[in-house]
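As structure tokens, the structure follows; a few thoughts come after it.
The values are calculated or read from the model by the stated rules, or taken from the named source; none is laboratory data. Here the structure is a predicted model, which is why all the values come from computation and not from measurement. A quick note on method: Cβ atoms are made from the backbone with ideal geometry, for glycine too, and the neighbour counts reach across all protein chains shown. Each accessible area value is taken on the protein alone, full model and side chains, heavy atoms only, with ligands, DNA and RNA left out. Shrake-Rupley method; radii C 1.70, N 1.55, O 1.52, S 1.80 Å.
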Amino acid sequence: MNAARAHALAHGGKRPPVFSPYFVQLKYDVNGVKSSADAHYARGSKTPADLKKAVSDIHDVTSMKAAGFPVVTWTVNTLDDMTKLLKAGVNGIISDRPDLLYQAVAGFDANGDGKAGDYLTADGLIDIRKFDAQGHRGGRNQRPENTLPAFEVALDYLMTTIETDTGMTKDGVSIIKHDPYIEAVKCRRADGKPYAFADERLIKDLTQSEIQSAFVCDKLFRGPDQKNDLALSPVSTALAAKKGYISPYVMPTTQDLFDLVSAYIDFYNTGAGQSHTDAVKRVANARQVRFNIETKLNPRSGKDSHGNVYQNRTVSFEQMTDTLAGVIMANKMEARTDIQSFDFRALFRTQERYPSIRTAYLFGDFPIYNGPDSDDGTNMQDENGQNTPWMNGLVWPYRQTSASNAFRAKRSGGFEGMALSTDGTKLYPLLELPLSGHDEKTLLIHEFDLTKRQYTGNTYKYKLDAKGTNIGDFTLFNAQEGIVIERDGSQGDLNGFKRLFRINLGKVRDYVEKTELVDLLSIKDPDGISGTASDGDIGLGGTFAMPFNTIEDIAVLDEHTLLVMDDNNFPFSVGRHIGRKAADDNEFVLIKLPTSLKITK
């Protein structure tokens, strides 16, 4: 996601992309709710025999939000799951049940004061600044999916966003449909002739007129709450009649979606619906409703149950993306519309060509494991042992989870120091903490070849001092020698352990040689540069000290001069101003060495 955001910003985007994973793949343990490793239908204890075992909960909600990404998850259809995810802190939910989603959001007590409705505005609308409630395919479990009545029911239940999908017709029209085929389970022939699985047609092979004159997609198969009674959809019925459609349940175009929202506003503002109890709220919500539109693509090279190659079932990602973006821009809906996809090629293209449209990155594991009838490989699964084709070259370690690969790097114990060789060809990342199950006083240094873009297999070992617990940085000043910041976890303690060690890499797979270079809690300051301690400050005066747990950077300026830097982790580090309990400043400290370093430039 960092790469996706950087790409968006590099091409003029102003908003971070949305992180949108399948809800059973979320990881959380907060506010009394905890995710499950077994939630996914093909993960955890439910892993099929043909697949590598992998835990379900892999996408950390707290981490993604802390990194600045909105987390909008799908498809959540029970009140219990909705409430659980609201407590977990997601930014939005996509649901087949707009009625239940509004109920869950309206009944949620976000601040714990015992009063529900924290995510509602004063007039009873869901506040999009606080939470994004999206009607999945309109409202799939209440009306036949991705039809005008489905979008109408999402508006009726005051969804902040209408979520839907698009494909492309033979004559180049952006049309709303989840699947590449006109599916027999969802649609029927208007002339009453039989239409079964073997008869299914690809949307790309038919024109808009051929589709809308021949098929009606009003079949009910999602349970008793799904209804197709036209009396429930007055706006859709009127709009379809105005457009000359044979039914409100013909497959709509993307333009029809935007037209429906306009017609909905008119109906409840000045039309036949203005006397409805919720008319004012419905108009206000529709005037600001957002759209989340997916490009339905599959880049895999295998074949589906019809014997067609996945990637050949639709038009190209370029044509689908460009056409959809064109409709959005023609309606001046860039600020209110996201383009989402499992196929990241479409999202990168959107960012490059249409930076005013925000993108949403979908993540899900729908694996092919027992022939094409199992699923279609969306979108994390590898293909023929190679990286997933869905992510536009971004590498995804498919099913590499704690179920098969135990996490050995401790929390906040990954690569903290990273030295660049003086010839610029190698990197030497150094772990901050010892690995779990490894010697508690040994850190590993790895060698990475920048030209080959791979690890060489060479490693070195760094032995922590008896008082040291972790390192803060590592830099090299010649081919073999460098400096490491070693420290303990204390702050505000002049008896703690904060030191610089001069090291020599020596032999591969052996311990490096280390010699103390500077005690950072006992630095001579004969000229009184640091000033006099006051208000309970410590480590100032004739003996200067850096009593921080965040001394994290070192630079060799010349053979006698080092620059040591403390990152204050504002406002959490309190190591200097302990009397006032005030947050530390970022400190940049120049240190003169009594003996010279042999620097290679």
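Taking Ile554 as the residue in question, decide whether it is out of contact with any Lys or Arg (no Cβ under 9 Å at 6 or more places or on another chain), closer than 26 Å to Thr469 by Cα, at pLDDT below 95 and among the aliphatic types (A, V, I, L, M).
So Ile554 fails the test.
Here's the yes/no breakdown for (1) farther than 23 Å from Asp80 by Cα; (2) open to solvent by 10 Å² or more (accessible area, probe 1.4 Å); (3) in contact with a helix residue (DSSP H, G or I) (Cβ under 8 Å, 6 or more places away or on another chain):
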residue: Asp109; (1), (2), (3): no, yes, no
residue: Asp113; (1), (2), (3): no, yes, no
residue: Leu120; (1), (2), (3): no, yes, yes
residue: Phe131; (1), (2), (3): no, no, yes
residue: Ala150; (1), (2), (3): yes, no, no
residue: Val173; (1), (2), (3): yes, yes, yes
residue: Tyr181; (1), (2), (3): yes, yes, yes
residue: Ala190; (1), (2), (3): yes, yes, yes
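Run down Val508, Val518, Val556 and say which single residue is outside any loop (DSSP other than H, G, I, E, B), under 41 Å from the mean Cα position of the chain (by Cα) and in contact (Cβ under 8 Å) with a residue 12 or more places away in the chain. Please lay out each step first, then the result.
Working: Val508 fails: outside any loop (DSSP other than H, G, I, E, B); Val518 fails: under 41 Å from the mean Cα position of the chain (by Cα).
From the options Val508, Val518, Val556, the qualifying one is Val556.
Determine, yes or no, whether Gln400 is open to solvent by 60 Å² or more (accessible area, probe 1.4 Å) and either out of contact with any Leu (no Cβ under 9 Å at 6 or more places or on another chain) or modelled with pLDDT of 90 or more (or both). Talk me through it step by step, then tell me what you get.
Working: open to solvent by 60 Å² or more (accessible area, probe 1.4 Å): yes; either out of contact with any Leu (no Cβ under 9 Å at 6 or more places or on another chain) or modelled with pLDDT of 90 or more (or both): yes.
Yes, satisfied.
List the number of the failed condition for Thr442; all other conditions in (1) surrounded by fewer than 16 Cβ atoms within 10 Å (Cβ to Cβ); (2) modelled with pLDDT of 95 or more; (3) farther than 18 Å from Arg509 by Cα; (4) not aromatic (Phe, Trp, Tyr) hold.
Among (1) surrounded by fewer than 16 Cβ atoms within 10 Å (Cβ to Cβ); (2) modelled with pLDDT of 95 or more; (3) farther than 18 Å from Arg509 by Cα; (4) not aromatic (Phe, Trp, Tyr), Thr442 violates only (3).
So, of the residues in the stretch 588-601 that are at pLDDT below 95 and open to solvent by 100 Å² or more (accessible area, probe 1.4 Å), which turns out to be nearest to the chain's Cα centre (by Cα)?
Among those that are at pLDDT below 95 and open to solvent by 100 Å² or more (accessible area, probe 1.4 Å), it is Lys601.
Which one of Leu101, Leu51, Leu79, Leu86 is closer than 19 Å to Ala403 by Cα and either touching a residue at least 24 places away in the same chain (Cβ under 8 Å) or among the β-branched types (Val, Ile, Thr) (or both)?
From the options Leu101, Leu51, Leu79, Leu86, the qualifying one is Leu51.
If Ala37 passes every condition in (1) touching a residue at least 24 places away in the same chain (Cβ under 8 Å); (2) open to solvent by less than 50 Å² (accessible area, probe 1.4 Å); (3) closer than 25 Å to Ile126 by Cα but one, which one does it miss?
The failed condition is (3).
Could you grab me the full set of residues in the stretch 336-367 that are over 17 Å from Gly92 (Cα atoms) and part of a loop (DSSP other than H, G, I, E, B)?
Phe342, Asp343, Tyr354, Pro355, Ser356, Ile357, Pro367
Identify the residue in the stretch 325-337 that is within 19 Å of Lys177 (Cβ to Cβ) and under 23 Å from the mean Cα position of the chain (by Cα) and, among all such residues, is surrounded by the fewest Cβ atoms within 10 Å (Cβ to Cβ).
Checking each candidate, the answer is Ala325.
Over 24 Å from Glu334 (Cα atoms), of a type outside the set (Val, Ile, Thr) and crowded, with 17+ Cβ neighbours inside 10 Å, is that true of Asp278?
Judged against the criteria, Asp278 is not a match.
Of all residues in the stretch 304-313, which are touching a Ser or Thr at 6+ places or on another chain (Cβ under 9 Å) and surrounded by 16 or more Cβ atoms within 10 Å (Cβ to Cβ)?
Matches in the stretch 304-313: Tyr310, Gln311.
Looking only at the stretch 23-33, decide whether some residue is aliphatic (A, V, I, L, M), in contact (Cβ under 8 Å) with a residue 12 or more places away in the chain, open to solvent by 30 Å² or more (accessible area, probe 1.4 Å) and out of contact with any helix residue (DSSP H, G or I) (no Cβ under 7 Å at 6 or more places or on another chain).
Checked against the condition, which is being aliphatic (A, V, I, L, M), in contact (Cβ under 8 Å) with a residue 12 or more places away in the chain, open to solvent by 30 Å² or more (accessible area, probe 1.4 Å) and out of contact with any helix residue (DSSP H, G or I) (no Cβ under 7 Å at 6 or more places or on another chain), the stretch 23-33 yields no hits at all.
Could you list, in sequence order, all residues of the stretch 159-171 that are among the acidic types (Asp, Glu) and either surrounded by 17 or more Cβ atoms within 10 Å (Cβ to Cβ) or in contact with a Lys or Arg (Cβ under 9 Å, 6 or more places away or on another chain) (or both)?
Selection gives Glu163, Asp165.
Go through the stretch 410-433 and count every residue that is open to solvent by less than 20 Å² (accessible area, probe 1.4 Å), at pLDDT below 95 and of a type in the set (A, V, I, L, M, F, W, C).
1
Kindly indicate the residue of the stretch 222-249 that is over 21 Å from Asn141 (Cβ atoms) and in a loop (DSSP other than H, G, I, E, B) and also most open to solvent (accessible area, probe 1.4 Å) among those meeting that condition.
From the stretch 222-249, those over 21 Å from Asn141 (Cβ atoms) are 238-246; that's our starting set.
With in a loop (DSSP other than H, G, I, E, B) added as a condition, the list becomes 244-246.
Working: Gly244: 60, Tyr245: 44, Ile246: 94 Å².
Looking at the filtered set, the residue picked out is Ile246.
Does Asp585 satisfy the criteria of being in contact with a Lys or Arg (Cβ under 9 Å, 6 or more places away or on another chain) and either assigned to a strand (DSSP E or B) or loosely packed, with under 12 Cβ neighbours inside 10 Å (or both)?
Against the criterion (in contact with a Lys or Arg (Cβ under 9 Å, 6 or more places away or on another chain) and either assigned to a strand (DSSP E or B) or loosely packed, with under 12 Cβ neighbours inside 10 Å (or both)), Asp585 does not qualify.
I'd like the residue in the stretch 527-542 that is surrounded by 14 or more Cβ atoms within 10 Å (Cβ to Cβ) and not aliphatic (A, V, I, L, M) and, out of all such residues, is farthest from Ser596 (Cα to Cα).
Only one residue tops the list, namely Asp537.
So in the stretch 376-392, with the set limited to residues that are over 16 Å from Phe342 (Cβ atoms) and part of a loop (DSSP other than H, G, I, E, B), which one is least open to solvent (accessible area, probe 1.4 Å)? Before the answer, list the steps.
First, pick out the residues of the stretch 376-392 that are over 16 Å from Phe342 (Cβ atoms): 384-386.
After this cut, where a residue has to be part of a loop (DSSP other than H, G, I, E, B) as well, the list is 384-385.
Working: Asn384: 137, Gly385: 63 Å².
Here the residue is Gly385.
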